[in-house]
Structures are given as C-alpha cells and as structure tokens.
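A.B. asks: If you scroll down you'll find the structure; I have some questions about it.
Each value in this text was obtained by applying a stated rule to the coordinates, not by laboratory testing. Everything numeric here is computed off the predicted structure, so don't read it as measured data. Positions of Cβ are generated from backbone atoms using ideal geometry, with glycine treated the same way; all protein chains shown enter the neighbour counts.
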Amino acid sequence: MSSQDQRESQRTKSVYLTQDYSTSSQLTQTEKDLLIEYQKLALSLNELSALMNRVATVPTRQILETLRTLESKSSLVFTLVKASVYGLLQQQEPFEDEHYDGDSNFPAMDSDM
C-alpha cells in the first residue's frame, strides 16, 4: 500500500469516526445506535493503540529502574550460586583423595581382597 493510499484510508476512517449518525434521516434508530457504539469502540481502540505504541516505544523511567534492580539481584544470585557450587566442589575433593589412587582414575584397591 503506497503512502498516498494510506493517507486516503486514514481520511476515510477519520470521516466515519467524526460523522454524527444520530441526525441521519436515512437510518433507523437501531442502525444509528449501532453505528454510534461502533464509533465509540473504534475511538477507544485508537486511544488504546496509541497508548500501547507509546509504552512500547518509549521505556519509562520506572521500567528502567525496575530492570536495573532485577539485573543487580540476578547478578547477586548468580554469584551466590557460583560460590555454593565452588564450595561443594571443594568439599568433595578431600573425599575423592581418600578413595582414589594418585596414579590412576580408578578407585584404590584394598590389599585385603
């Protein structure tokens, strides 16, 4: 769709949203009410679309602050998990030294067997 077609479509939509259907003599009362409700709905959806577009394109200060806090907390959790894993590995090393021969990867054999 070309930009000229888009502008024409926008003008057509704008006309339908601003037209006063309540004074039309060619429509029944039910049709008038229905068209007025559709106008209200279309205007509300346009407002919602504009608001969502603004929120999606311009990050607010509050969102950025929340993301910074989340980033620092997740970094802290990652560091704590790393330290815990390192601690567990350090605890297992003496256990492995007692049960394994220094010359091979196989468990040490008792001479009583």
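A.B. asks: What percent of all Cα-Cα pairs in the stretch 23-95 falls in each 5 Å bin, counting up from 0?
C.D. replies: Percent of pairs per bin, in order: 3, 12, 8, 9, 8, 7, 8, 6, 6, 6, 5, 5, 4, 4, 3, 2, 2, 1, 0.
A.B. asks: If you stretched the chain out fully between L80 and Y16, how much longer would it get, using 0.36 nm times the residue separation minus the C-alpha to C-alpha distance?
C.D. replies: Computed gain between L80 and Y16 is 17.0 nm.
A.B. asks: Grab the beta carbon distance between E37 and R61, set R0 = 35 Å, and tell me the FRET efficiency rounded to 0.05.
C.D. replies: Efficiency at R0 = 35 Å is approximately 0.40.
A.B. asks: Starting at the first residue of the stretch 43-50, write each ³J(HN,Hα) from the Karplus equation 6.51 cos²θ - 1.76 cosθ + 1.60 with θ = phi - 60°, in whole Hz, x for Gly and Pro.
C.D. replies: Per residue, the Karplus-derived 3J(HN,Hα) values read 5, 5, 5, 5, 5, 5, 4, 5 Hz.
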